Amino acid sequence: MTNNIQMLIKYILFIERFTIVFLTISMVGLYGLNVIVREVVPQYASLFAWIDEASRILMVWVVFLSIGLAFDKGRHIAMTTLLNSFSKNRFLQFGKIIDLLGFIFSSYCIWLGFKITIFVYNSGQVSPTLNIPMFILYVAPTLGFTLIFVRYTLSLLNIHNRFYTNNNSTENLKAD
């Protein structure tokens, strides 16, 4: 069973990384094209006005999808001085408290993001230039915090415990 979960985690990580890279490259490419059109053939710039809005939406998606990746790699804000002062046992106990608080916070953010998404969906808002439903923008925080929620859950259940260590250094906050 653990092997199946590990395979699923690796698959989700691959999809997550691929999506982040794809969206980032798309965003940079579109914005670069927009700058070139504005500089080279400004008379056609109005035809590409949608790129600004698309880039902003892609940026929001990249940011919220990247939260989980930054967390997984240990590239988030952490109290390393405090954590390094703990013994191994205290470090692991404190790690569980951090995971529990993160689990609760991400649960709240998922609930809040879902409520906002439903509100925007029911309002029928559409983007001015792309003419797509605006609730798509609000799905990003919900999905991003769901990915964090999964990571906290796996760590709490010791399936992918990010605090397990051979010493009490915060170097363990980095993914394997």
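Every number in this text was worked out from the coordinates using simple rules, so none of it is lab data. Nothing here was measured: the structure is a model prediction, and the numbers come from that model. Neighbour counts are summed over all protein chains in view; Cβ atoms, including those assigned to glycine, are modelled from backbone coordinates with ideal geometry.
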Legend entry - Added length on full extension, which subtracts the Cα-Cα distance from 0.36 nm per residue, Val41 to Phe94: 13.2 nm
Inset, instruction - Can you quote the Å³ per residue value for the convex hull of the Cα atoms in the stretch 2-173, rounded to an integer? - result: 131
Inset, instruction - Treat every Asp and Glu Cβ in the chain as -1 and every Lys and Arg Cβ as +1, leave all other atoms uncharged, and give the resulting dipole magnitude about the Cα centre to the nearest 20 debye. - result: 500
Inset, instruction - Give the residue from Val150, Phe91, Gly124 lying farthest towards the positive end of the charge dipole for the stretch 2-173; charges sit on Cβ (+1 for Lys and Arg, -1 for Asp and Glu) and the dipole is referred to the Cα centre. - result: Phe91
Inset, instruction - For each of Trp50, Trp61, count neighbouring Cβ atoms within 10 Å of the residue's Cβ, then give the residues from fewest to most. - result: Trp50, Trp61
Inset, instruction - Rounded to the nearest Å, what's the spacing between the alpha carbon centres of the stretch 132-161 and the stretch 32-50? Just the number, please. - result: 36
Legend entry - Sum of -39500 (n - 2.57) over DSSP H runs of 4+, divided by residues of the chain (222 nm, nearest 500): -25500 deg cm²/dmol
Legend entry - Ile116-Phe18 pseudo-label distance in nm [points 7 Å out on the Cα-to-Cβ vector]: 2.9
Inset, instruction - Within 10 Å of each residue's Cβ, count the other Cβ atoms and sort Leu92, Leu65 from fewest upward. - result: Leu92, Leu65
Inset, instruction - Below 29 Å Cα-Cα, how many Lys pairs turn up in the chain? Only count pairs eight or more apart in sequence, or on different chains, if you could. - result: 11
Legend entry - Cα-based convex hull volume of the stretch 1-44 per residue, rounded to whole Å³: 34
Legend entry - Summed side-chain charge close to Ser127 - residues other than Ser127 whose Cβ falls under 13 Å, Lys, Arg +1, Asp, Glu -1: -1
Legend entry - Between helix 2-40 and the chain: long-axis angle, C-alpha atoms, 0 to 90°, nearest 10: 30
Inset, instruction - Return the long-range amide H neighbours of Val126 (sequence gap of 5 or more, or a different chain), with a cut-off of under 5 Å between placed amide H atoms. - result: Met134
